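As structure tokens, the structure follows; a few thoughts come after it.
The values are calculated or read from the model by the stated rules, or taken from the named source; none is laboratory data. What you see is a predicted model, and the numbers here were worked out from it, not measured in a lab. All Cβ positions, glycine included, derive from the backbone under ideal geometry; neighbour counts span all protein chains shown.
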């Protein structure tokens, strides 16, 4: 007679801190010894559940949900780990020489690089134990045989964030020096030539020339290959961080020139290279950085392949929610952190989901607080009416249609809506609504804000750059003046804003001022439908704000810009703008929609000078 105590899959799931579906999967795989079918369900010996816990390292108490830890060894051994080890299988199967993964910040790139290093690197420690209970180990001997067999170079440039090129170059040199020092096996290697030993010694003393430093990656692969008699794996995390910094701080050309030589030396036609993996937020165009690197495979958020290895899938988040006893919170988690689309996969923000469980299920905008938005603010300083208009649609929960350029060059990031919105997509501030369309003219896509967290980013950080640059209450004054229909207050607030926040206005066009005002009023999108450059009446208005609540007046603005020689005529020009609103019947659309009252603004600019005329009228 069988005296074992059998429990249900639901009871086993509670003990193992996993979903019932996963327990049923373990039964099918034969990993819960003695489990037997019971109709459509299973009965499982409790002792086999306890045995599985021991062999799999599952603790009786809940594992911590680590935030910000990028050590694969620590997370996979001591914390809750979402298994992404099949990335190893796919990289081995694809045989790509160099792969670049571009994903938004905090989407698991650094942890993935660290996992690859732990798996492939030949060390004195038996690191296989960190993978025996992971998905990769179930894939067979072909993959197990490669574990711990390669010399590995791993570099991260995530902390190279300095204000000038001299300090940035010094930081890059220290990263290289630390990696050379990590390979202590080279110090006494009899496989190195005399010039290799000289290079090592001068690297240690910091006595290499700039040209010699640019060959550091190539030279290290040569030395490691000579010592280990095995080609080398190169892993580079956040390769584009110094480039972003160079763009925002004014040394872009210097860093591009250096990184081009450095990367090409190690990755292009290097006979000692086994394969390489790079991560970053953006792909810098071949012409700009990867010129001649014809062995590079780029994987972006548009690609289906590898789409589930960065970020969490819905099943992975549901399993976490079950483990931490919050299965009923899925709707809230989905609303805040879901909505990304990588290839055809639905993806959650992993940093935010992890932070959510680490903070006892308190929903907040975790991702927004992890770093600044300098690049985005740089783009927004050159707002055009087209970009500003699309941003107002996005803030109102609408989708936008645009062409995409995934080979963005930083100095041209704000050239046209395709570059601006391609960057916002790659950086995680927008996501695909559906699969992009490939045509003979390029790639076209429909984009939207992915979730509530990113909507908060737009309302506080992205559009909030205006507030951070101003002093006092300039921006609130602009909003209040528009809301109250106070032309004099709006004039004074615009003057204060331009004097305080903008460095130069000489030669500014009407389009510039149009874009500036659109950006300033975007925060009012919770109260108004904001539209720009649309047909109404007998022409095209500059800016229309249709109220979302009954009884609130509609707003129409017409902008004029004149050279300094006509600055004395600004009052008259503002009055002409009001006349244009009347003559071309821009308020006809309001009348058709039953909006009884309209406030008309004629705004005339010249440099940092501005005049505003206001007329309040009835539409019927």
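A quick yes/no check of all residues on (1) at pLDDT 90 or above; (2) out of contact with any strand residue (DSSP E or B) (no Cβ under 9 Å at 6 or more places or on another chain):
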position	(1), (2)
247	no, yes
268	no, no
277	yes, no
283	no, no
287	no, yes
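Kindly check whether there is at least one residue in the stretch 579-600 that is surrounded by 22 or more Cβ atoms within 10 Å (Cβ to Cβ) and part of a loop (DSSP other than H, G, I, E, B).
Looking through the stretch 579-600, at least one residue is surrounded by 22 or more Cβ atoms within 10 Å (Cβ to Cβ) and part of a loop (DSSP other than H, G, I, E, B).
Quick check on my filter: what residues within the stretch 380-407 are assigned to a loop (DSSP other than H, G, I, E, B) and modelled with pLDDT under 65?
381, 382, 383
Name every residue in the stretch 29-60 that is modelled with pLDDT of 80 or more, surrounded by 11 or more Cβ atoms within 10 Å (Cβ to Cβ) and closer than 25 Å to residue 129 by Cα, in order of residue number. I'd like the intermediate steps shown before the answer.
The initial filter retains those residues of the stretch 29-60 that are modelled with pLDDT of 80 or more, namely 29-53.
Retained after the next criterion (residues that are surrounded by 11 or more Cβ atoms within 10 Å (Cβ to Cβ)): 31-36, 38, 41-53.
The answer is 31, 32, 33, 47, 48, 49, 50, 51, 52, 53.
Is there a residue in the stretch 110-131 that is assigned to a loop (DSSP other than H, G, I, E, B) and closer than 14 Å to residue 92 by Cβ?
yes
Among the residues of the stretch 323-340, are any crowded, with 17+ Cβ neighbours inside 10 Å, assigned to a strand (DSSP E or B) and out of contact with any helix residue (DSSP H, G or I) (no Cβ under 8 Å at 6 or more places or on another chain)?
Yes: one or more hits.
Please go through the stretch 601-620 and pick out each residue that is over 43 Å from the mean Cα position of the chain (by Cα) and either more than 16 Å from residue 557 (Cβ to Cβ) or assigned to a helix (DSSP H, G or I) (or both).
Filtering the stretch 601-620 down to residues over 43 Å from the mean Cα position of the chain (by Cα) leaves 615-620.
Result: 618, 619, 620.
Sort out for me the helices (runs of 4 or more DSSP H) sitting completely within the stretch 1-84 that have 2 or more residues that are farther than 25 Å from residue 350 by Cα. Walk me through how you get there before you give the answer.
Values: elements: 9-16, 20-28, 46-56, 72-78.
Per the criteria, 9-16, 20-28, 46-56.
Just give me the residues in the stretch 536-571 being out of contact with any strand residue (DSSP E or B) (no Cβ under 9 Å at 6 or more places or on another chain) and closer than 20 Å to residue 615 by Cβ, in sequence order.
Passing the criteria: 537, 538, 539, 540.
Return yes or no: is residue 275 touching a residue at least 40 places away in the same chain (Cβ under 8 Å), crowded, with 21+ Cβ neighbours inside 10 Å, assigned to a helix (DSSP H, G or I) and assigned by TED's automatic domain parsing to the domain that holds residue 98?
Details: touching a residue at least 40 places away in the same chain (Cβ under 8 Å): yes; crowded, with 21+ Cβ neighbours inside 10 Å: yes; assigned to a helix (DSSP H, G or I): no; assigned by TED's automatic domain parsing to the domain that holds residue 98: yes.
Taking the combined requirement at face value, the residue does not satisfy it.
Looking at 75, 36, which one is touching a strand residue (DSSP E or B) at 6+ places or on another chain (Cβ under 8 Å) and free of Cβ contacts under 8 Å to residues at least 60 places away in the same chain? First the steps, then the outcome.
Details: 75 fails: touching a strand residue (DSSP E or B) at 6+ places or on another chain (Cβ under 8 Å).
Every option except 36 fails the conditions.
Among the numbered criteria (1) surrounded by fewer than 18 Cβ atoms within 10 Å (Cβ to Cβ); (2) under 14 Å from residue 601 (Cα atoms); (3) modelled with pLDDT of 85 or more, which one does residue 543 miss?
Evaluating residue 543 over (1) surrounded by fewer than 18 Cβ atoms within 10 Å (Cβ to Cβ); (2) under 14 Å from residue 601 (Cα atoms); (3) modelled with pLDDT of 85 or more leaves (1) as the failure.
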